[in-house]
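A.B. asks: Before anything else, here's the structure in question.
Rule-based calculations on the coordinates, nothing more; no lab input. None of the values given here were measured: they were computed from a predicted structure. Here the Cβ is made from the backbone with ideal geometry for all residues, glycine too, and neighbour counts use every protein chain on show.
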Amino acid sequence: MTYLLDVNALIALGFAQHEFHDRMASWVQTLQSESLSLATCSITELGFVRVLAQASAYGLTVAEARNVLVRLKSVTPLSLQFIPDMLDIRRLPAWVKTAKQITDGHLLQLAQSNGIVLATLDERIPGAFIIPHRRIR
């Protein structure tokens, strides 16, 4: 199975200072043992760079954020497959009612149209896989 990461999940995976980095790293570790893979797309990659370059908490330039993503794609234990995006606005799900849901709805449709699963930290996306919380031992 392949999981398409949404923007927040990709940032949490690639940026150790993110509040959910440990949760993502723990989940990726479990995926390795199950021979599963991860995917990105134009929206998630561009969102990754935009957020890291825009948020004062990260303080990166566009070039630095791009380099972080390129490095992440080359060193992640699970290969990050790139999914091309050929969907137009007509494929936006009917449950999308607000501007904040547009990208989520599009990513969910992109994943489903490619036979993969959208993986997210956001519990408000119907039909998406919620990345589990880290188990406390």
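A.B. asks: How much of the DSSP bridge set in region 2-130 is antiparallel, in percent, rounded to the nearest 5? Display every interim value, and only then the final one.
C.D. replies: Values: 0 of 12 bridges.
If we restrict to bridges inside region 2-130, about 0 percent are antiparallel.
A.B. asks: Would you list Thr120, Thr30 from fewest to most Cβ contacts within 10 Å? Write down the numbers at each step before the final one.
C.D. replies: Working: Thr120 22, Thr30 11.
Arranged by neighbour count, lowest to highest, Thr120, Thr30 become Thr30, Thr120.
A.B. asks: Now a separate question. Sort 21-27, 106-112, 126-132 for me by packing, meaning the mean count of neighbouring Cβ atoms within 10 Å per residue, highest on top.
C.D. replies: Values: 21-27: 17.3, 106-112: 22.0, 126-132: 15.6.
Listed from highest to lowest mean packing, they are 106-112, 21-27, 126-132.
A.B. asks: Compute the FRET efficiency between Ala25 and Ile89 as 1/(1 + (r/R0)^6), taking r as their Cβ-Cβ distance and R0 = 25 Å, and round to the nearest 0.05. Don't skip to the answer; put the middle values down first.
C.D. replies: Working: r = 35 Å, r/R0 = 1.41.
For R0 = 25 Å, the calculated efficiency reads 0.10.
A.B. asks: Helix check for the chain. Which DSSP H runs span at least 18 Å along their own axis by Cα, with a mean Kyte-Doolittle hydropathy no less than -0.5? Each step should come with its number before you reach the end.
C.D. replies: Details: long enough: 21-33 (19 Å, -0.75); 62-75 (20 Å, 0.52).
Flagged H segments are 62-75.
A.B. asks: Between Glu64 and Ile102, what's the calculated FRET efficiency when r is the beta-carbon distance and R0 is 30 Å? Round to 0.05.
C.D. replies: On the way: r = 28 Å, r/R0 = 0.92.
That gives a FRET efficiency of 0.60.
A.B. asks: How high is the relative contact order of the chain, given as a whole-number percent (alpha carbon pairs under 8 Å, six or more residues apart)?
C.D. replies: Rounded, it is 31 percent for the chain.
A.B. asks: With Cβ to Cβ distances under 12 Å as the rule, what net charge do the other residues near Leu4 carry (K, R +1; D, E -1)? It would help to have the intermediate numbers written out before the result.
C.D. replies: On the way: positive: none; negative: Asp6, Glu45, Asp85, Asp104.
Residues close to Leu4 contribute a combined charge of -4.
A.B. asks: Can you give the local net charge around Leu72? Use residues other than it whose beta-carbon is closer than 11 angstrom to its beta-carbon, Lys and Arg +1, Asp and Glu -1.
C.D. replies: Numbers: positive: Arg66, Arg71, Lys73; negative: Glu45.
My count for the surroundings of Leu72 gives +2.
A.B. asks: If a/c stays under 1.5 just call it rounded; otherwise compare a/b with b/c (prolate if a/b is bigger, oblate if not). Do that for region 89-131, with a ≥ b ≥ c from the square roots of the Cα gyration tensor eigenvalues. Before the final figure, lay out each step's value.
C.D. replies: Working: a/c = 2.29, a/b = 1.14, b/c = 2.01.
Oblate, because a/c is 1.5 or more while a/b does not exceed b/c.
A.B. asks: Using only the Cα atoms, what convex hull volume per residue in Å³ does region 66-137 have? Write out the running numbers ahead of the final one.
C.D. replies: Working: hull volume 10.7 nm³, N = 72.
In region 66-137, the Cα hull volume divided by residue count equals 149 Å³.
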